[in-house]
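The values are calculated or read from the model by the stated rules, or taken from the named source; none is laboratory data. In this text the structure is predicted, and so the values were computed from the model without any measurement. Note that each Cβ is placed from the backbone with ideal geometry, even for glycine, and that neighbours are counted across all protein chains shown. Each accessible area value is taken on the protein alone, full model and side chains, heavy atoms only, with ligands, DNA and RNA left out. Shrake-Rupley method; radii C 1.70, N 1.55, O 1.52, S 1.80 Å.
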Amino acid sequence: MKFLPLVLANLKRHMLRTALTICSVALALFLFASLRTVSTTLASGSEVSSASRMITQNATAFVIPLPQSYATRLGSIPHVQAVTWANWFGGKYGDGKKFFAQFAVEPESYLKMYPEFQIPEDQKQAFLKERSAAIVGEGLVRAFGWKVGDNVTMQGTIFPGDWTFTIRGIYHPSQKEYGDDSFMFHYDYLYERERDRVTPGWFILKIDDPNAAPLVAKTIDDEFRNSSAPTKTGTEKAFAAGFASMWGNVNLLMSTIGMAVVFAILLVTANAMMMNQRERTSEVAVMKTVGFSDARVFGLIIVEAALISMTGAALGLGGAILLPIVTGFGTGGFLPGFHVTPGTALVGGSIALLLTVASGIVPAWQAAKLPVVQALRRVE
Amino acid sequence: MALVEIREVDKSFKREAQTVDVYHGLTIDFEQGSYTALMGPSGSGKSTLLNLVAGLDKPTRGTVRVNGAEVSAMTASQLADWRARTIGFVFQSYNLLPVLTARQNVELPLLLTNLRKAERAERTAIALDVVGLADRMDHFPRQLSGGQEQRVAIARAIVADPVLILLDEPTGQLDAKSSEEVLDLMRRLNEEFHKTIMMVTHDARAAAQARRVLHLEKGVLLEREEAVVS
Ligand SMILES: Nc1ncnc2c1ncn2[C@@H]1O[C@H](COP(=O)(O)OP(=O)(O)OP(=O)(O)O)[C@@H](O)[C@H]1O
Ligand SMILES: [Mg+2]
């Protein structure tokens with residue numbers, strides 16, 4: 001591309017202006033990609049959840065536990081095939097800077113309930129056998145450099161004191177969306193030390209027919225309506241969506257803000273490009289006199305616009321993609337893996353392309369159509 | 001056949017309601033290897049004549065032929081291509097792209113050819129050498145004097161080896177010494193390299209260099225062959 005030095009020289013003319021324009025494009029696409037990732041992550045939470053799993057939680061509030069005795073009663077409800085339960089541990093590891101979820105689970109039934117957590121058979125057996133054993137996601141292994149056999153000590157926040165676990169297994173999620181940064185250990189290990197203070201946080205049920213879910217939910221919630229701990233039962237999907245609704249109408253908000261920002265940046269960039277071109281009227285005339293055709297002049301200016309928006313897009317999207325990786329920022333097992341989806345990258349790329357056209361086409365067209373004679377008269 | 005043949009050319013400009021007639025039935029030839037100075041009062045149509053020859057503007061009527069090609073009948077993209085190969089143009093000022101070095105400015109017309117990088121570099125170096133600026137190749141226009149800038153512009157006008165060089169008041173903004181240098185250079189290009197030159201000028205000394213002097217006045221060309229000899 002022998003014309004590249006010419007394009008680059010033009011971009012270097014106002015270094016600061018070019019840099020600022022690139023930065024604003026980068027910022028726009030970074031914001032866009034990050035905001036969109038929040039919504040895709042929330043959405044994927046409800047998408048990947050199994051239609052045949054249901055969650056029973058306390059009707060008053062999610063954080064209030066349920067009596068242990070419910071396990072057997074839930075098991076006898078029609079369509080319910082299996083029951084397991086889990087509890088939120090809320091421990092702090094190391095300096096506590098990296099947050100991840102720890103669940104106390106009923107080991108055997110929990111792993112059966114979630115075949116999405118794939119563990120080598122020997123590790124699974126070792127985990128089941130030992131009361132203080134834990135299994136952890138590969139993401140945590142990467143973050144902390146753990147390996148099978150390591151002892152890990154955490155400070156309890158809900159359940160005070162030091163808690164030491166032995167890692168016996170490492171799981172791999174069958175789908176990225178299930179997340180690889182959860183920490184699971186025996187419910188009994190928690191129970192033997194805390195006794196009166198601990199009962200299951202929520203129950204997970206497997207039903208034989210997804211279509212029966214509304215019926216099952218109604219039966220269960222009716223059954224416990226007049227007890228000391230009324231329940232709220234829903235599909236796993238509804239449960240994940242419940243997390244999403246905690247954020248308010250996130251999706252709409254995110255996309256509205258995202259689009260407004262991108263649009264504002266578009267105007268700024270287009271304006272900067274047009275300013276550049278106006279200053280260059282006589283130079284375009286000289287180029288045409290030298291023999292540059294209208295089409296070539298047009299192309300050079302479009303390439304210039306493309307370089308600005310593509311560089312900005314690469315920086316912005318790259319930043320958004322790297323952010324969760326570098327900072328290890330995640331939703332800590334609450335929600336499935338936080339990452340920029342290919343769809344988001346694609347839409348971001350299209351925005352950059354649109355930006356190229358929008359910011360380049362007017363100045364390029366004006367330059368291509370510029371009558372040389374008139375332009376030269378203006379300067380002399 | 002003359003290199004440049006202008007036949008029965010009318011040129012008028014429409015400005016709002018009124019029309020400015022510059023020439024009516026202009027006919028003149030410029031021979032291969034000639035060196036012509038075009039003089040005349042402001043507004044007499046000197047620049048317009050160069051623009052017509054370079055295909056930057058179209059006659060209202062009549063034909064302009066250069067080197068056998070009918071310039072007045074070519075399309076815009078044909079013209080661009082043809083201009084790159086045939087014409088070297090030098091203006092009074094604002095010739096150079098300020099963001100490019102002398103070398104890059106001179107190389108500009110060669111980017112439109114199929115020459116390889118090494119050949120382009122070689123030709124650029126030769127052209128800059130001809131104008132005596134081999135040691136200023138990597139300077140930007142703002143680092144050059146007015147005379148040097150004009151010589152870079154001349155290097156660019158000759159680098160693609162065009163048959164015809166058009167200059168519109170090339171010494172108009174130069175001091176006496178720089179003008180001298182530029183004019184010497186033009187004479188060399190004509191005598192040594194046999195370039196055909198058409199130069200618009202207000203400067204009698206510049207005109208004195210030329211081998212033919214034409215006066216344009218009220219749309220009429222008056223010949224004043226070998227009139228002033230220094
Ligand atoms: N693009 C244009 N639009 C309108 N009028 C024009 C245009 N170009 C030239 N003219 C008119 O045509 C006439 C000739 O202009 P031209 O520029 O050729 O004169 P000139 O001899 O080069 O003058 P100067 O010595 O001042 O450069 C002038 O009256 C000018 O106003
Ligand atoms: Mg003029």
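Answer yes or no as to whether residue B:14 is within 14 Å of another protein chain (Cβ to nearest Cβ), more than 16 Å from ligand 2 (Cβ to nearest atom), within 24 Å of residue A:292 (Cα to Cα) and open to solvent by 20 Å² or more (accessible area, probe 1.4 Å). So residue B:14 does not fit the description; no. When the range B:48-81 is filtered for residues that are within 16 Å of ligand 2 (Cβ to nearest atom) and either facing another protein chain (nearest Cβ under 9 Å) or over 16 Å from residue A:290 (Cα atoms) (or both), the ones remaining, listed by number, are B:48, B:49, B:51, B:54, B:56, B:57. One residue is enough: does the range A:99-115 have a residue meeting the conditions within 16 Å of residue A:127 (Cβ to Cβ) and basic (Lys, Arg)? Scanning the range A:99-115, I find at least one residue that is within 16 Å of residue A:127 (Cβ to Cβ) and basic (Lys, Arg), so the answer is yes.
Could you say which residue among A:323, A:376, A:335, A:317 is at pLDDT below 85, part of a helix (DSSP H, G or I) and crowded, with 19+ Cβ neighbours inside 10 Å? Only one candidate passes the filter, namely A:376.
Every condition in (1) away from ligand 2 (no atom under 16 Å from the Cβ); (2) open to solvent by less than 60 Å² (accessible area, probe 1.4 Å); (3) modelled with pLDDT under 90 is met by residue A:354 except one, and the failing one is (2). Looking at the structure I just gave you, is residue A:140 within 25 Å of the chain's Cα centre (by Cα) and part of a helix (DSSP H, G or I)? Taking the combined requirement at face value, the residue satisfies it.
Every residue, every condition in (1) modelled with pLDDT of 75 or more; (2) assigned to a helix (DSSP H, G or I); (3) more than 14 Å from chain B (Cβ to nearest Cβ), yes or no:
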{"residue": "A:244", "(1), (2), (3)": "no, yes, yes"}
{"residue": "A:251", "(1), (2), (3)": "no, yes, yes"}
{"residue": "A:261", "(1), (2), (3)": "yes, yes, yes"}
{"residue": "A:266", "(1), (2), (3)": "no, yes, yes"}
{"residue": "A:298", "(1), (2), (3)": "yes, yes, no"}
{"residue": "A:304", "(1), (2), (3)": "yes, yes, no"}
{"residue": "A:308", "(1), (2), (3)": "yes, yes, yes"}
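In the condition set (1) under 30 Å from residue A:257 (Cα atoms); (2) open to solvent by 20 Å² or more (accessible area, probe 1.4 Å), residue A:37 is compliant with all but (2). Considering the conditions (1) under 19 Å from the mean Cα position of the chain (by Cα); (2) touching a residue at least 40 places away in the same chain (Cβ under 8 Å), residue B:94 is excluded by exactly one of them, (2). Residue B:71 - would you say it is over 30 Å from residue B:148 (Cβ atoms), more than 12 Å from ligand 1 (Cβ to nearest atom) and open to solvent by less than 10 Å² (accessible area, probe 1.4 Å)? Yes. Restricting attention to the range B:108-120, the residues being within 10 Å of another protein chain (Cβ to nearest Cβ), open to solvent by 40 Å² or more (accessible area, probe 1.4 Å) and either touching a Leu at 6+ places or on another chain (Cβ under 7 Å) or assigned to a helix (DSSP H, G or I) (or both) number 1. Taking the criterion of being within 15 Å of ligand 1 (Cβ to nearest atom) and aromatic (Phe, Trp, Tyr), the only residue of the range B:19-68 that qualifies is B:23. Of the residues making up the range B:191-202, those that are buried (at least 22 other Cβ atoms within 10 Å of the Cβ) and within 16 Å of ligand 2 (Cβ to nearest atom) number 4.
Please pick out the residue among B:188, B:156, B:151 that is open to solvent by 80 Å² or more (accessible area, probe 1.4 Å), at pLDDT 90 or above and in a helix (DSSP H, G or I). Answer to the check: B:188. Checking each residue in the range B:29-47 for being surrounded by fewer than 16 Cβ atoms within 10 Å (Cβ to Cβ) and either within 14 Å of chain A (Cβ to nearest Cβ) or more than 11 Å from ligand 2 (Cβ to nearest atom) (or both) picks out B:29, B:31, B:32, B:33, B:42, B:43.
Within the range B:133-142, one or more residues are in contact with a helix residue (DSSP H, G or I) (Cβ under 9 Å, 6 or more places away or on another chain), open to solvent by less than 10 Å² (accessible area, probe 1.4 Å) and part of a loop (DSSP other than H, G, I, E, B).
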